Each structure stands twice: as C-alpha cells, then as structure tokens.
Amino acid sequence: MDNLNWINMIEKMQEISLFSKMIIRRTTKEYEMPAQHLDLLLQLLTNKEGLTPMKLSKIMGINKTIISRIIDSLNQGGYVVKTKDSKDKRSYFVSITQQGIDKVNKIYTYHLSPIYELRKKLGDKDFLKPMSYIENANHQMNQHK
C-alpha cells in the first residue's frame, strides 16, 4: 500500500457502498419468494415446451425430490399447474399460470425499478459505460479467486 492513498480508497469504497444501498431494494413480504421457486418459474417462462420435474431437475441442478416439493408449493399457491403426461401416467408436465407470470413480473419490476430509473436518468450511453466498467471489474476480480 506504499503508493496508494488509503484514505482516498476508503472514500471510493464508501461511494460504492452508498450506490449499492440505493440501487438494491430490500424485499418486503409482498415480493418475497424463495430463490429456487423464482428460478423454477423463470425456467417455465423461458422454455416454451412443457417441462417435467426430471427436466427441471437437470436444468436447475437440483435434486428431483426438492423440485417436486417446489412444484407442489407453487401449485398450492396457484403459480403453476401440473398436467398428466398422456403417454406416461407416472409423469406430468408443469406449466406456469397467469398468476405465476404476474408474480414474476411484480417481483422483477420491484427489484429492477431502481436500475431502470438510473438508466432513464443517465440515458443509454452514460448508463452502459459504467456498466461495462463494472462488468470488467467483476471479470478481473473473478480471475483472481
């Protein structure tokens, strides 16, 4: 640290911390959903074909038993429906309901609204420039782990 002004670096860290606090919204009860539940809903939203619990298990890298519990929980909440496979009576396909789509939209609109607001205020050019610096910094930091 001989050549670095540590007071200046502390100030920079405080700026990063302040920015993070302003851009990241805390979850409230209305927007709460376990990460694996949300991930499963996103998989159903982005995959146009019907997905089975086994396929979801492989895509998400999660044990099939856990996937089945998540599906049951989401089904009870009205976010997904299970449809029996006409060829294999032991299997079923999982689909997202409109209520599930609405929930995902609500969660992401809430959590991403600060970054959308920032992009709106800065404009695309000024928003994308620091984002590229952040992406580069994350890449550099990950290389040294």
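The values are calculated or read from the model by the stated rules, or taken from the named source; none is laboratory data. Everything numeric in this text was worked out from a predicted model, so none of it was measured. Cβ: placed from backbone, ideal geometry, glycine included. Neighbour counts: every protein chain shown. Each accessible area value is taken on the protein alone, full model and side chains, heavy atoms only, with ligands, DNA and RNA left out. Shrake-Rupley method; radii C 1.70, N 1.55, O 1.52, S 1.80 Å.
If R0 is taken as 25 Å, the Cβ-Cβ distance between ARG25 and ILE101 corresponds to a FRET efficiency of 0.75. Here LYS125 is the anchor, and no lysines lie within straight C-alpha reach of less than 18 Å, apart from those fewer than 8 places off in the same chain. Place a label point 7 angstrom from the Cα of ILE66 along the Cα-to-Cβ direction, then list the residues of the range 34-49 whose backbone nitrogen is under 20 Å away. Answer for the range 34-49: 34-45.
Which number do you get for Rg(Cα) / (2.2 N^0.38 Å) in the chain?
Against the compact-globule rule of thumb, the ratio is 1.44.
Taking the accessible area of the chain, probe 1.4 Å, and keeping the other protein chains in place, the carbon and sulfur fraction comes to 55%.
Where is the GNM fluctuation largest for the chain (alpha-carbon springs, 10 angstrom cutoff): ARG90, ARG119, ARG69? The residue with the greatest mean-square fluctuation here is ARG90.
Of the residues VAL94, VAL81, the one with the largest accessible area comes first in the ranking VAL81, VAL94, computed with a 1.4 Å probe on protein heavy atoms.
Under a 5 Å amide H cut-off, with hydrogens placed 1.01 Å from N, ASP85 pairs with SER91, TYR92, PHE93 among residues at least 5 apart or on other chains. Take the Cα of THR46, step 7 Å toward its Cβ, do the same at ILE59, and the gap between the two points is 0.9 nm. Computed from phi, the 3J(HN,Hα) profile of the range 34-43 under the Karplus parametrisation 6.51, -1.76, 1.60 (θ = phi - 60°) reads x, 4, 5, 5, 5, 4, 5, 4, 5, 4 Hz, with x in place of Gly and Pro. Cross-link check: pairs LYS55/LYS87; LYS64/LYS89; LYS48/LYS89; LYS29/LYS89; LYS55/LYS89; LYS64/LYS106 evaluated at a Cα-Cα cut-off of 26 Å; pairs beyond the cut-off: LYS29/LYS89; LYS64/LYS106.
Taken per residue, the accessible surface of the chain reaches 76 Å², heavy atoms only and a 1.4 Å probe.
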